[in-house]
Amino acid sequence: MAFKDLYALSTEGSTWSVKQDFDTVFNWDYDDGRAGMMGLYAKGKEMQWDAVTRIDWSQELDEDNPQGMPEESLPIHMADCYKRMSEKEKGVVRRNFQAWQISQFMQGEQGALICAAKIVTQVPDADSKFYASTQTIDEARHVEAYRSLLKKFKVAYPMTKPLKELIDQTLRDSRWDMTYLGMQVVIEGLALAAFGTIRDNAQNQLCAQVNAYVMQDESRHVAFGRLALRDFYPQLTQKERDEREEFLLEASYLMRDRFDAVELWQHLDLPIEECATAMYESGFMEKFRNSLFARIVPIVKDIGLWGDYIRKGYEEMGVIGYAQTDVQALQDEDDFIAKRFDARRAEVQRVIDRAQAAE
Ligand SMILES: [Fe+2]
Ligand SMILES: [Fe+2]
């Protein structure tokens, strides 16, 4: 079956074009580069993996709950329209909601792939070009992994409008740091929060594992954004920093308020108002928003976009407290969890080998 036949909704054509207006920059300085950046580049090369071999794709998914998620994770599980459904109908809603989410991951990863490649061509520093090249292959692998997963769901969804808007804004901007800000800080932060809810709650090991491995790479990408921007923002004027803060705050509101799955509920013929209310009140969304800002706010502070404008904005959103989050601890945990999945698979393989030898 061709992938395009999996789409439950129209993708409005088979491609999407975003106009670009920026200079491609060469750099003749082949010195060693910044130690931190080159260290990250070394790590990026060393930690490459193959989605085909690191993951056992023979694992099956349950049709009615492919990821094996707890019922509370379905944001409309308390809606009357859902409670009235038969078990079979509930299974259809679960499968489609999960496929819709994984589809956003896959589509967003293509956005990341394109942004990483754009950074290679646009950023002036040679060491950043080196690092971004490793990120480019990472992002291609992420698209590949989510695509393989979605094929097992047997249904997929196009990129939602708010995500498209965010990526479009990021790509259209001709200033190189805005690609970082939009992708490495905002969208990667959003991704880490979303992947984490599945990694930490899915009973299906294949789904949990894919997200754990992708997160292991993503936390490196966030570190890249921090390194590059932390050096750059102190050099800007307050007015220039204010413009960035405005962009960040607007993006924060967009992520908090507009990722609402409306097109999915419509496609499933569900009453929108009931779904929207249930989604608003569901504790799971609240948790998701919390982990979203735990990933973003401390980075924003760290890179020096911490003027009155943004602090006031985050205070109004009630998320200023996340500035104290220990980002390094989160990253170490992402790495540790991914390694635990490797260890689990190695141990299962060891037992199988031993049993075969005993036979
Ligand atoms: Fe990625
Ligand atoms: Fe990434």
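The values are calculated or read from the model by the stated rules, or taken from the named source; none is laboratory data. It should be emphasised that the depicted structure is a prediction, and the values quoted were computed from it without experimental measurement. For neighbour counting, all protein chains shown are included, and Cβ atoms are generated from backbone atoms with ideal geometry for every residue, glycine included.
Check the stretch 229-247 and report whether any residue there is aromatic (Phe, Trp, Tyr) and closer than 19 Å to Ile167 by Cα. So far as the stretch 229-247 goes, yes, one or more of its residues are aromatic (Phe, Trp, Tyr) and closer than 19 Å to Ile167 by Cα. Residues in the stretch 121-173 that are at positive phi and β-branched (Val, Ile, Thr): 0 in all. Residue pairs whose Cβ atoms lie under 8 Å apart, separated by 6 or more positions or on different chains, with the first residue in the stretch 81-94 and among the aromatic types (Phe, Trp, Tyr) and the second not in a helix (DSSP H, G or I), are Tyr82/Leu74; Tyr82/Ile76; Tyr82/Leu270.
Here's the yes/no breakdown for (1) of a type in the set (Val, Ile, Thr); (2) surrounded by 18 or more Cβ atoms within 10 Å (Cβ to Cβ); (3) at pLDDT below 95:
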site	(1), (2), (3)
Lys287	no, no, yes
Asn290	no, no, yes
Ile310	yes, yes, no
Val319	yes, yes, yes
Ala343	no, no, yes
Glu347	no, no, yes
Arg350	no, no, yes
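Filtering the stretch 160-193 down to residues that are under 30 Å from Leu61 (Cα atoms) and more than 16 Å from ligand 1 (Cβ to nearest atom), which residue is surrounded by the fewest Cβ atoms within 10 Å (Cβ to Cβ)? Only one residue tops the list, namely Lys161.
Annotation: Ser219 fulfils all but one of (1) at pLDDT 95 or above; (2) within 16 Å of ligand 1 (Cβ to nearest atom); the unmet one is (1). Among what's in the stretch 103-123 and is polar (S, T, N, Q) and within 11 Å of Pro158 (Cα to Cα), pick the residue that is farthest from ligand 1 (Cβ to nearest atom). Per the stated criteria, the residue is Ser103.
Exactly one residue among Tyr82, Tyr146, Tyr131, Tyr157 is away from ligand 2 (no atom under 14 Å from the Cβ), buried (at least 22 other Cβ atoms within 10 Å of the Cβ) and at pLDDT 95 or above, and that residue is Tyr157.
The residues in the stretch 103-128 that are away from ligand 2 (no atom under 16 Å from the Cβ) and within 20 Å of Ala202 (Cβ to Cβ) can be counted, and the count is 1. Counting only helices (runs of 4 or more DSSP H) wholly contained in the stretch 8-112, the ones carrying 1 or more residues that are of a type in the set (S, T, N, Q) occupy 51-54.
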